[in-house]
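The values are calculated or read from the model by the stated rules, or taken from the named source; none is laboratory data. Keep in mind it's a predicted model, so treat the numbers as computed, not measured. FYI the Cβ positions are ideal-geometry reconstructions off the backbone, even for glycines, and counts take in every protein chain you see. The protein model used for the area step is the full one, side chains on, heavy atoms only, and it has no ligands, DNA or RNA in it. Shrake-Rupley method; radii C 1.70, N 1.55, O 1.52, S 1.80 Å.
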Amino acid sequence: MSGRDETIYSVIVKFREDKSLAQCAAVRHDDKLWLVPTWIEEDDAAVMRPERMVCIEGLPLKKGGRLGARSFDWILRPEIPRAVLTGPLPPPPEWPLPVLDRPDLTFPRA
């Protein structure tokens, strides 16, 4: 192990456009918290890589709990544009924090 935090957390996010909720994975990287909306998984590998990582460090978080049958570590307090997780990135200032596409990082398969 490299000594880094390989924990995969769970964060509830609320989308600005329609106020719907989604559960998203999150990881710590460079001492910051990042959302990971999708993973790249290879059939024969014991690890997976983030497709995109979205920094949420410094944004208000509420401690986790349960939402119906789902358990989670945090709720991201501000609503976010759906495109931050799934599409072309909105320009600043709508999303001023860093986003990494296909970073060269691996995490143990869940």
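Figures for the structure shown
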quantity: Positions within segment 53-105 being acidic (D, E) and either under 15 Å from the mean Cα position of the chain (by Cα) or surrounded by 12 or more Cβ atoms within 10 Å (Cβ to Cβ) (or both), in sequence order; calculated: E57, D73, E79, E94, D101
quantity: Any hit, segment 2-10, residues being closer than 17 Å to P81 by Cα and without any contact (Cβ under 8 Å) to a residue 60 or more places away in the chain; calculated: no
quantity: Total residues in segment 85-104, condition at pLDDT 90 or above and in contact with a Pro (Cβ under 8 Å, 6 or more places away or on another chain); calculated: 4
quantity: Residue selected from segment 13-32 under the condition among the aliphatic types (A, V, I, L, M) and at pLDDT below 95, by the criterion surrounded by the most Cβ atoms within 10 Å (Cβ to Cβ); calculated: A22
quantity: Check on D104, closer than 21 Å to H29 by Cβ, assigned to a loop (DSSP other than H, G, I, E, B) and not small (G, A, S); calculated: yes
quantity: L35, sole failed condition from (1) farther than 20 Å from P90 by Cβ; (2) open to solvent by less than 80 Å² (accessible area, probe 1.4 Å); (3) not basic (K, R); calculated: (1)
